[in-house]
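A short worksheet on the structure shown next.
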Amino acid sequence: MTAEERTAYLFLALLQARVGSSVLSRLGDVPLAEILAMPPAELAERARMAQSALGILEGLRRDFYPAVVYSRLSEEGVGVLTPVDAGYPERLREIPDPPPALFVKGRLPDEGMVALVGSRKASATGIEAARTLGRALGERGVCVVSGLALGVDAAAHEGALEAGGPTVGVLGCGIDVVYPRINRSLFEGVRRNGAIVSEYYLGEAPLAWRFPARNRIIAGLCDAVVVVEAPHKSGALITGGHALESGRDVWAVPGLFMAAECRGSNKLLADGASVLWDIQEFVDAYSSGVVEGATDHPSLDAAPVPAELPPAERAVLSGVGFEPTEVDEVAGRSGVEMHELLPALALLELKGYLGRDFSGSYVRRVAP
């Protein structure tokens with residue numbers, strides 16, 4: 001590794017973040033050491049950049065001071081890895097469009113990573129599935145990778161953290177930008193138990209085009225990608241596509257065929273993705289061995305009713321499924337009168353046995 005090559009990669013990372021295209025992959029066999037000395041017009045032509053990007057390139061070349069960049073990163077506690085660094089993830093080297101630089105806060109695991117992705121507007125069932133899978137993988141020491149977004153992403157990270165397992169969040173914005181802001185405490189938990197990574201330098205805004213681009217990194221870091229729940233048009237499906245392109249395993253959790261939020265993930269299954277129907281089977285496939293103290297995990301469609309609950313609560317809990325269940329349906333399944341049913345539902349929700357989706361229907365949780 002030479003300092004010139006590392007600096008060239010850093011420059012290309014800053015450039016790609018501004019022009020929104022893969023400059024590195026278009027430069028072909030241009031020696032890295034020549035990039036910083038090449039006239040901007042020639043570099044733009046060699047990289048087949050749009051004419052409108054030339055001004056951006058010229059401005060960046062004028063204002064690019066590597067010592068200042070490294071100093072700012074150091075002040076923020078951010079490391080940077082380029083393809084010439086020994087710590088650059090080997091799996092990322094294998095993908096068609098590896099990031100020129102990866103900015104890192106925390107410690108990036110060396111291996112054993114599984115991505116859990118899905119909709120930001122997931123159902124309560126999808127949220128619980130993501131949290132349960134994250135917890136199961138975390139208990140086995142498998143690193144859970146996701147995008148730190150709302151919905152499935154947040155639940156997957158939370159499950160891993162509940163188990164004390166490693167987890168990595170891949171951002172579609174600057175490494176120091178918390179987006180969405182509501183996830184600030186989750187960001188800190190992920191950083192402590194693993195790492196937050198981004199191909200974008202400090203201060204870069206969460207622009208819409210950056211999120212599909214970051215999905216190739218989520219897929220590239222991992223041995224497998226699991227689409228927990230996704231509608232027909234979803235960024236999670238883009239992640240699955242990158243995984244297939246990079247030769248990774250792709251799994252999907254089957255959902256109700258009538259549910260719009262499951263159409264994309266169900267279509268993946270129709271197209272040949274592996275069916276994730278049993279947590280234990282899946283976790284066994286992606287963990288090197290049983291971690292001491294790890295436990296078996298129930299399927300998402302069945303879980304025992306705790307014997308220590310009062311009779312009315314046991315009956316009500318047995319009447320709630322892992323799909324959204326309305327109050328009238330719970331009453332019919334459980335046989336509990338409404339005057340006892342409503343207080344029991346409230347207590348079960350308070351104890352963590354139940355959750356509710358956006359419509360107010362109740363959903364069983366695997367564990368409180």
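The values are calculated or read from the model by the stated rules, or taken from the named source; none is laboratory data. Note that the coordinates shown come from a computational prediction; the quantities given were computed from them, not determined experimentally. In this analysis, Cβ positions are derived from the backbone assuming ideal geometry, glycine residues included, and neighbour counts consider all displayed protein chains. All accessible areas refer to the heavy atoms of the entire protein, side chains included, with ligands and DNA or RNA removed. Shrake-Rupley method; radii C 1.70, N 1.55, O 1.52, S 1.80 Å.
Scanning segment 28-42 for residues that are open to solvent by less than 70 Å² (accessible area, probe 1.4 Å) and within 15 Å of Glu4 (Cβ to Cβ) yields a total of 7. Listed conditions (1) of a type in the set (S, T, N, Q); (2) open to solvent by less than 10 Å² (accessible area, probe 1.4 Å); (3) farther than 23 Å from Gly220 by Cβ are all met by Thr167, apart from (3). No other residue among Ser359, Ser299 is at pLDDT below 75 and open to solvent by less than 50 Å² (accessible area, probe 1.4 Å) apart from Ser299. Please specify each residue of segment 1-24 satisfying the condition of being within 18 Å of Ala37 (Cβ to Cβ), at pLDDT 80 or above and among the polar types (S, T, N, Q). Within segment 1-24, just Thr7 meets the criteria.
For segment 225-275, a tally of residues being open to solvent by less than 20 Å² (accessible area, probe 1.4 Å) and outside any strand (DSSP E or B) returns 12. Among the numbered conditions (1) open to solvent by less than 10 Å² (accessible area, probe 1.4 Å); (2) closer than 26 Å to Tyr353 by Cβ; (3) in contact with an Asp or Glu (Cβ under 8 Å, 6 or more places away or on another chain); (4) without any contact (Cβ under 8 Å) to a residue 60 or more places away in the chain, the only one that Gly126 does not meet is (4).
Only one of the numbered conditions (1) at pLDDT 85 or above; (2) under 18 Å from Thr132 (Cβ atoms); (3) loosely packed, with under 13 Cβ neighbours inside 10 Å is violated by Pro304, and that is (1). Taking the criterion of being open to solvent by 20 Å² or more (accessible area, probe 1.4 Å), among the polar types (S, T, N, Q) and in a helix (DSSP H, G or I), the only residue of segment 14-27 that qualifies is Ser25. Every test in (1) surrounded by 12 or more Cβ atoms within 10 Å (Cβ to Cβ); (2) in a helix (DSSP H, G or I) is passed by Gly55 save one, and that test is (1).
Yes/no matrix, rows are residues, columns are (1) under 19 Å from Ile182 (Cβ atoms); (2) without any contact (Cβ under 8 Å) to a residue 24 or more places away in the chain; (3) open to solvent by 10 Å² or more (accessible area, probe 1.4 Å); (4) part of a loop (DSSP other than H, G, I, E, B):
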site	(1), (2), (3), (4)
Ala130	yes, no, no, no
Gly134	yes, no, no, no
Leu137	no, no, no, no
Gly141	no, no, yes, yes
Val145	no, no, no, no
Leu150	yes, no, yes, yes
Ala155	yes, no, no, no
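Can Pro89 be described as more than 21 Å from Val178 (Cα to Cα) and touching a residue at least 12 places away in the same chain (Cβ under 8 Å)? Criteria met by Pro89. Condition test on Val69, is it modelled with pLDDT of 90 or more and open to solvent by 10 Å² or more (accessible area, probe 1.4 Å)? Spelling it out, Val69 is indeed modelled with pLDDT of 90 or more and open to solvent by 10 Å² or more (accessible area, probe 1.4 Å). Filter segment 194-213 for residues that are touching a Lys or Arg at 6+ places or on another chain (Cβ under 9 Å) and either open to solvent by 30 Å² or more (accessible area, probe 1.4 Å) or not acidic (Asp, Glu) (or both) and give the result. Listed by number, the residues that qualify are Gly194, Ala195, Ile196, Val197, Ser198, Tyr200, Tyr201, Leu202. Among the residues of segment 92-107, the ones that are farther than 16 Å from Val190 by Cβ and in contact (Cβ under 8 Å) with a residue 24 or more places away in the chain come to 9 in all.
Contact annotation: residue pairs with Cβ atoms under 6 Å, 6 or more positions apart or on different chains, pairing a residue in segment 232-254 that is more than 14 Å from Gly147 (Cβ to Cβ) with a partner that is open to solvent by 50 Å² or more (accessible area, probe 1.4 Å) and part of a helix (DSSP H, G or I), are His232/Arg263; Val250/Leu244.
A quick yes/no check of all residues on (1) under 30 Å from Thr325 (Cβ atoms); (2) of a type outside the set (Ser, Thr, Tyr):
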residue: Leu171; (1), (2): no, yes
residue: Ile182; (1), (2): yes, yes
residue: Val197; (1), (2): no, yes
residue: Gly220; (1), (2): no, yes
residue: Glu229; (1), (2): yes, yes
residue: Lys233; (1), (2): yes, yes
residue: Ser246; (1), (2): no, no
